[in-house]
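The values are calculated or read from the model by the stated rules, or taken from the named source; none is laboratory data. Nothing here was measured: the structure is a model prediction, and the numbers come from that model. Cβ coordinates were reconstructed from backbone atoms using ideal geometry, including for glycine residues, and neighbour counts include every protein chain displayed.
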Amino acid sequence: MSRFLSGKLSKLEAYVPGEQPRDRRYIKLNTNESPYPPPQCVIDAVGMAEMEALRLYSDPECKILKEGIAEEYGVLPENVFISNGSDEILNFAFMAYGGRGAVFPDITYGFYSVFADLYGIDAETVPLREDFTVDTEAFCGRNSLVVIANPNAPTGIALTPEEVEKIIASNPDGVVIIDEAYVDFGAESVYKLYEKYDNLLTVRTYSKSRSMAGARLGFAFADRKIIEDLEKIKYSTNPYNINRLTQAAGAAALKDSGYFRKNCEKIAETREYTAECLKKLGFTLTPSAANFLFAKSGDIGGEELYVRLREKGILIRHFTSERIKDYNRITVGSRDEMDAFLRAVCEITGGKL
Ligand code: PMP
């Protein structure tokens with residue numbers, strides 16, 4: 001740290017992304033990416049013409065992409081915000097709406113507390129219940145910035161739309177962010193509720209279900225006035241936040257939504273298969289509606305399992321916080337990848353399938 005860093009940033013603990021080691025080939029089950037490539041139409045869209053056009057700035061309004069998303073989801077373009085990964089929307093929303101404090105679960109996406117610290121927001125964390133479900137009552141009547149990932153990460157547990165609506169309805173004077181990064185794998189979205197609630201901001205991403213984590217593309221739905229706030233911040237920080245290649249790829253991806261839905265189904269099937277096998281091997285699991293499993297071995301600690309799998313070329317995510325240190329988050333890969341993972345688990349634990 002230099003002596004020039006402003007005081008309020010000196011104590012900031014940055015978000016630590018999942019590791020991306022390059023020392024050998026790994027089966028990557030640690031950052032919830034898709035095991036499947038983007039559809040051919042995306043690959044075709046990012047062709048030579050688009051490369052040559054890189055000398056020009058990208059469209060700051062993301063017009064074609066925004067209209068495409070609006071059409072795909074049956075909303076108006078004025079209700080859509082587009083960002084450089086959904087992390088950027090979360091960043092802007094904490095910046096914009098954290099003035100009266102923020103509240104989110106104690107176990108959830110780690111970036112929320114980093115954004116709260118970054119902006120000096122008074123943040124309260126509400127413990128998940130013993131079974132790792134969200135205590136919805138505790139989020140009602142807050143009227144500050146309420147942030148819920150649905151399904152939650154790293155547990156994968158989803159709330160029903162009724163439970164989510166109750167939280168939105170009971171916080172009319174605070175923005176409620178519903179982070180639906182994983183919703184396509186088995187939960188129900190509430191994005192259309194912005195028509196009824198002007199405090200709802202639903203955040204989505206191309207990173208998981210649409211196989212485009214490397215493109216860095218997120219989007220959100222909300223009342224026009226919230227979108228205007230987010231646009232104001234975007235134009236005050238980085239107007240060209242979505243590069244040309246990503247805009248082209250994102251618009252093209254909408255032309256083959258059948259492909260992405262089929263992949264989501266395959267991933268959900270593989271998730272259930274892997275969960276059953278892990279149960280047979282004595283693991284405890286939460287009921288995940290996402291593209292990952294949250295699992296604890298009956299034989300071996302979370303860190304040890306992570307380390308021993310890593311030695312065998314398989315990466316999973318281990319967390320150090322006390323409450324979940326014996327759990328690991330395992331991204332659902334292809335069936336072959338999950339079979340390799342299960343074989344390695346058997347070798348390590350002495351289990352048999
Ligand atoms: N929300 C949740 C719950 C996540 O797990 C992630 C991925 N790490 C994100 C948002 C951000 O995803 P991206 O910026 O790639 O859209």
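If you check ASP184, ASP179 for being acidic (Asp, Glu) and surrounded by 24 or more Cβ atoms within 10 Å (Cβ to Cβ), only one passes: ASP179.
If you take the residues in the stretch 244-259 that are more than 15 Å from the ligand (Cβ to nearest atom) and of a type outside the set (A, V, I, L, M), which one is nearest to ILE89 (Cα to Cα)? Going through the qualifying residues, I end up with GLN247.
What's the total number of residues in the stretch 295-338 that are polar (S, T, N, Q), touching a residue at least 24 places away in the same chain (Cβ under 8 Å) and within 18 Å of PHE132 (Cα to Cα)? Let's see the steps before the verdict.
Going residue by residue through the stretch 295-338, those that are polar (S, T, N, Q) are 297, 320-321, 328, 331, 334.
Okay, now just the ones that are also touching a residue at least 24 places away in the same chain (Cβ under 8 Å), so 297, 321, 328, 331, 334.
Now narrow it down to the ones that are within 18 Å of PHE132 (Cα to Cα): 297, 321, 328.
The qualifying residues number 3.
Please work out if PRO105 is under 21 Å from the mean Cα position of the chain (by Cα), modelled with pLDDT of 95 or more, in the same structural domain as SER211 (by TED's automatic domain parsing) and buried (at least 20 other Cβ atoms within 10 Å of the Cβ).
Numbers: under 21 Å from the mean Cα position of the chain (by Cα): yes; modelled with pLDDT of 95 or more: yes; in the same structural domain as SER211 (by TED's automatic domain parsing): yes; buried (at least 20 other Cβ atoms within 10 Å of the Cβ): yes.
Yes: the conditions hold for PRO105.
Residues that are in contact with a Gly (Cβ under 8 Å, 6 or more places away or on another chain) and within 15 Å of ALA153 (Cβ to Cβ) within the stretch 306-353 comprise ARG317, HIS318, PHE319, ILE324, TYR327, ASN328, listed in sequence order.
Counting only strands (runs of 3 or more DSSP E) that sit completely within the stretch 120-233, those holding 3 or more residues that are away from the ligand (no atom under 16 Å from the Cβ) correspond to 123-126.
Inspect the stretch 47-56 for any residue being farther than 17 Å from ALA252 by Cα, away from the ligand (no atom under 16 Å from the Cβ), out of contact with any helix residue (DSSP H, G or I) (no Cβ under 8 Å at 6 or more places or on another chain) and assigned by TED's automatic domain parsing to the domain that holds ALA215 and give the result as yes or no. Yes, the stretch 47-56 contains at least one residue that is farther than 17 Å from ALA252 by Cα, away from the ligand (no atom under 16 Å from the Cβ), out of contact with any helix residue (DSSP H, G or I) (no Cβ under 8 Å at 6 or more places or on another chain) and assigned by TED's automatic domain parsing to the domain that holds ALA215.
So, of the residues in the stretch 304-327 that are farther than 17 Å from PRO21 by Cβ and not in a loop (DSSP other than H, G, I, E, B), which turns out to be farthest from the chain's Cα centre (by Cα)? Show your work before the answer.
Applying the first criterion (farther than 17 Å from PRO21 by Cβ) to the stretch 304-327 yields 304-305, 319-327.
Narrowing further to those that are not in a loop (DSSP other than H, G, I, E, B): 304-305, 322-324, 327.
On the way: GLU304: 26, LEU305: 24, GLU322: 23, ARG323: 21, ILE324: 19, TYR327: 19 Å.
Top of the filtered list is GLU304.
For PRO239, the conditions (1) closer than 27 Å to GLY18 by Cβ; (2) not in a helix (DSSP H, G or I) are fulfilled apart from (1). Residues in the stretch 107-119 that are away from the ligand (no atom under 15 Å from the Cβ) and part of a loop (DSSP other than H, G, I, E, B): TYR119 alone. Does the stretch 280-289 contain any residue that is on the phi > 0 side of the Ramachandran plot, surrounded by fewer than 20 Cβ atoms within 10 Å (Cβ to Cβ) and in a loop (DSSP other than H, G, I, E, B)? Within the stretch 280-289 (the criterion being on the phi > 0 side of the Ramachandran plot, surrounded by fewer than 20 Cβ atoms within 10 Å (Cβ to Cβ) and in a loop (DSSP other than H, G, I, E, B)), the answer is yes, since at least one residue qualifies.
When you look at ILE227, is it among the aliphatic types (A, V, I, L, M), more than 28 Å from TYR36 (Cβ to Cβ), buried (at least 20 other Cβ atoms within 10 Å of the Cβ) and touching a residue at least 24 places away in the same chain (Cβ under 8 Å), yes or no?
yes
Results for (1) surrounded by fewer than 22 Cβ atoms within 10 Å (Cβ to Cβ); (2) closer than 12 Å to THR108 by Cβ, shown as yes or no for each residue.
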site: LEU128; (1), (2): yes, yes
site: ASP131; (1), (2): yes, no
site: ALA138; (1), (2): yes, no
site: GLY141; (1), (2): yes, no
site: ASN152; (1), (2): no, yes
site: GLU165; (1), (2): yes, no
site: ALA169; (1), (2): yes, no
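Looking only at residues of the stretch 81-91 that are surrounded by fewer than 23 Cβ atoms within 10 Å (Cβ to Cβ) and not acidic (Asp, Glu), we find that the one that is nearest to the ligand (Cβ to nearest atom) is GLY85. Going by the conditions given, is ILE69 more than 16 Å from the ligand (Cβ to nearest atom), assigned to a helix (DSSP H, G or I) and of a type in the set (A, V, I, L, M)? So ILE69 does not fit the description; no.
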